[in-house]
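Heads up: the structure comes next, in structure tokens.
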Amino acid sequence: MSKADQLFVDMMQKILNDGFSDEHLQVRPKWSDGTPAHTIKTFGIVNRYNLQEEFPALTLRPTALRSAFDEILWIWQKKSNNIKDLGSHIWDQWADAEGSIGKAYGYQLAQKYTFGQGEMDQVDNLLWQLKHNPASRRMMAHLYNFSDLKDMHLEPCCWSVTLNVTGDKLNMILNQRSQDTLVANNWNVCQYALLLMMFAQVSGLQAGELIHVISDCHIYDRHVPLVQELIARPQYPAPKVWLDPDVRDFYAFTVDSLHVEGYETNPQIKNIPVAE
């Protein structure tokens, strides 16, 4: 059975059983009918996914892996902040008339800085370090630029990664400030597992461990019955997921570079209410 399923079930049960409810507090999010969208949360969740063992896609319900890959390419490879460069409509509600989401996500990764080896952006710095200085303990990138927050249509939820090479394995820590676990958890996990695989492949390394650190890990009040039904479902083996092995340039990956085999899942949960 999928280890990602069991990690997800354990996390959700922990939030449901031991989480803190903010129902007595004034909260920013609201449902479409104007009702406050309260949550049950756990602070400081840490999940570890060993990509040597399996690709961490849920089988409790399907994760749209091609769309998830397209979005991570949009942010980290295209370094775009315009939804016209994205295949899905996930970001439409945060875009202006020109399609921009402001100085957010890909915009931050595209900004050039002066590093020890010269001026380059954060992604190119990671690629340079992996090639020339894999023992570095300074392989980090972040999206949470306080001076630009006022110009972001949405502040980043996944806000930083740290890379570390151990032997022939490349490992990653993903830091996330907040997560709507029913809607976004496995989407983010699969995205950054794929990003780790991309970095590893072009650097001649193997993808090792993805460590996902979530600060405010929450379930919305109207999601509780959906979560309870979801985590009671049967679990299946994880799918086999790989990238085209001929791609050795980070900027040459496309959605068609992704291959998925044997992905058996339960049905999708439809019409999940999303707080605004």
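The values are calculated or read from the model by the stated rules, or taken from the named source; none is laboratory data. These numbers come from a predicted model, not from an experiment. For neighbour counting, all protein chains shown are included, and Cβ atoms are generated from backbone atoms with ideal geometry for every residue, glycine included. Areas reflect the complete protein model, heavy atoms only, side chains present, ligands, DNA and RNA absent. Shrake-Rupley method; radii C 1.70, N 1.55, O 1.52, S 1.80 Å.
Using Cβ point charges alone (K and R +1, D and E -1), the dipole size of the chain about the Cα centre works out to roughly 440 debye. The Rg/Rh ratio for segment 1-140, using Cα coordinates for both the radius of gyration and the Kirkwood hydrodynamic radius, is 1.03.
Ranking F146, F55 by solvent-accessible area of protein heavy atoms (1.4 Å probe, all protein chains present), from largest to smallest, gives F146, F55. Taken per residue, the accessible surface of the chain reaches 48 Å², heavy atoms only and a 1.4 Å probe.
Relative to the longest principal axis of the Cα atoms of the chain, the long axis of helix 122-132 makes an angle of roughly 50 degrees.
For the set K150/K270; K103/K169; K240/K270, the pairs lying more than 27 angstrom apart at their alpha carbons are K150/K270; K103/K169. Using a 1.4 angstrom probe on heavy atoms only, work out the carbon and sulfur share of the accessible area of segment 207-276 in %. Looking at segment 207-276 in its full context, I get 51 percent from C and S. The equivalent ellipsoid of segment 191-258 has semi-axes of 32, 15, 12 Å, largest first, where each one is the square root of 5 times an eigenvalue of the Cα gyration tensor. Between the helical axis of 181-202 and the longest alpha-carbon principal axis of the chain there is an angle of about 10 degrees. Computed over segment 150-276, the Cα gyration tensor eigenvalues convert (square root of 5λ each) into semi-axes of 28, 20, 14 Å, ordered from largest to smallest.
Residues whose amide H lies under 5 Å from that of I45, counting only those 5 or more places away or on a different chain, are I214, C217; hydrogens are built 1.01 Å from N in the peptide plane.
Measuring nothing but protein heavy atoms, the accessible surface of segment 1-82 at 1.4 Å probe radius is 48 percent carbon and sulfur. When Rg and the Kirkwood Rh are both derived from Cα coordinates, the Rg/Rh ratio for the chain amounts to 0.95. For segment 61-207, the relative contact order works out to 21 percent when only alpha carbon pairs closer than 8 Å and six or more residues apart are counted. Backbone amide hydrogens, once placed in the peptide plane, bring G87 within less than 5 Å of nothing, excluding anything fewer than 5 places away on its chain. Histogrammed with a bin width of 5 Å, the alpha carbon distances of segment 127-213 distribute as 3, 14, 23, 22, 16, 13, 7, 2, 0 percent, first bin at zero.
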